[in-house]
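Okay, structure first, notes after.
Rule-based calculations on the coordinates, nothing more; no lab input. Computed from a prediction, not measured in an experiment: that's the story for all the values here. With ideal geometry, Cβ positions are generated from the backbone for all residues, glycine too; neighbour counts draw on all protein chains shown.
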Amino acid sequence: MPPKEVTPQLGLDSFSCPHCNALAQQHWFDVLVKQLQRDKKPVVYESETVAALDYKKAFGDEDDQKQWLKFRARFEKNDVTHEIIRYGTNTDWQMVNVNLSLCHSCGGWAFWIKGKVAWPAFAVKIEPHPDLPGDIKEDFVEASTIAEASPRGSAALSRLIVQKLMSHFGGQGKDINSNIAHLVKNGLEPEIQMALDIVRVTGNNAVHPGELALKEDVGTALALLQLINLVVERRIATQKRIQEMFRNLPPGALEAIKKRDGVT
């Protein structure tokens, strides 16, 4: 079974880290800012500068030297990290709608602005099932690509994908509801029916807002794509593998099965 993927969302205790991709615990932080003195300008720490610094000469205090070595180790792992600064009592400014999360697994920081990951560059993407029909893959890739920026648009595309899938499952026309009913009468598994209806109803609400609010719900938009992949796995890929294995049975066994079942 593939490892579980959890889309990063503000405030979650754990999610798939945008740095290391591990499903890991996350530690959350507010952001306090301190104004620089007029004669001090922002700097970018470069790897060569950090590695070359003679910390014993730069820091006379042994504790400061130890702190620098810890900082250097963090920096070598991820060059956007934190440095511990000691200072007296000050009045701090706390940023609003700006937060940080720290991955417990890799120590990587993620920067959040207004509830969305601003850094590192993070594209939520679910790949289409390899057996998804070719005429639908482009829609799936688009729905996956826009899921974070436009959950409603992604959900609407997921509904379109299900509509197109109906023709591959033996449905007729463009009425998804009628096609699902037809498939149910012909033995569609209940869990597949539920998956199709979830995508259908949620996609409808994305286009015509009803009881479900999808404006900011990235998780639901991605879940719809996962359901589509599940349906393809069960209704297309599994049947395809079984048919391939069946065709590879010995010719004598295949003939015996045909005779048993009255197939000419």
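Does anyone have the angle between helix 190-207 and the longest principal axis of the chain? Alpha-carbon axes, 0 to 90°, nearest 10?
The angle comes out near 60 degrees.
Need one word for the chain: rounded, prolate or oblate. Basis is the Cα gyration tensor (sqrt eigenvalues a ≥ b ≥ c); a/c below 1.5 gives rounded, then a/b vs b/c decides.
Verdict is prolate for the chain.
So how far apart, in nm, are the two label points at Met95 and Lys114 if each is 7 Å from Cα heading toward Cβ?
Result for the modelled spin labels: 1.4 nm.
Check cross-link reach from Lys56 to the aspartates and glutamates: straight Cα distance under 15 Å, and skip same-chain residues fewer than eight apart.
Answer for Lys56, where 15 Å is the Cα cut-off: Asp64, listed by chain and number.
When we measure straight from the Cα of Lys114, which lysines land under 19 angstrom away, once same-chain ones fewer than 8 places off are left out?
Straight-line reach from Lys114, under 19 Å: Lys215.
With r defined as the distance between the Cβ atoms of Glu191 and Lys125 and R0 fixed at 25 Å, what FRET efficiency is calculated, to the nearest 0.05?
Numbers: r = 25 Å, r/R0 = 1.01.
Using R0 = 25 Å, I get an efficiency of 0.50.
For helix 251-261, report the angle its Cα long axis makes with the longest principal axis of the Cα atoms of the chain; keep it between 0 and 90° and round to the nearest 10°.
It is inclined by approximately 60 degrees.
Grab the Cα-Cα distance for Val33 and Glu83, subtract it from 0.36 nm times how many residues apart they are, and report the gain in nm with one decimal.
Full extension from Val33 to Glu83 adds 16.6 nm.
Just the Cα atoms of the range 1-45, one point each, no solvent: what log10 I(q)/I(0) does Debye give at q = 0.14, 0.15, 0.30, 0.32 Å⁻¹?
Debye intensities relative to I(0), on a log10 scale: -0.56, -0.59, -1.11, -1.19.
With r defined as the distance between the Cβ atoms of Leu249 and Leu10 and R0 fixed at 41 Å, what FRET efficiency is calculated, to the nearest 0.05?
0.15
Determine the alpha carbon to alpha carbon distance for each of Lys185/Lys259; Lys185/Lys240; Lys57/Lys77; Lys70/Lys116 and list only those over 27 Å.
Lys185/Lys259; Lys70/Lys116
With angles folded into 0 to 90 degrees, how steeply does helix 134-145 sit against the dominant principal axis of the chain? Use alpha carbons for both and round to 10.
It works out to around 30 degrees.
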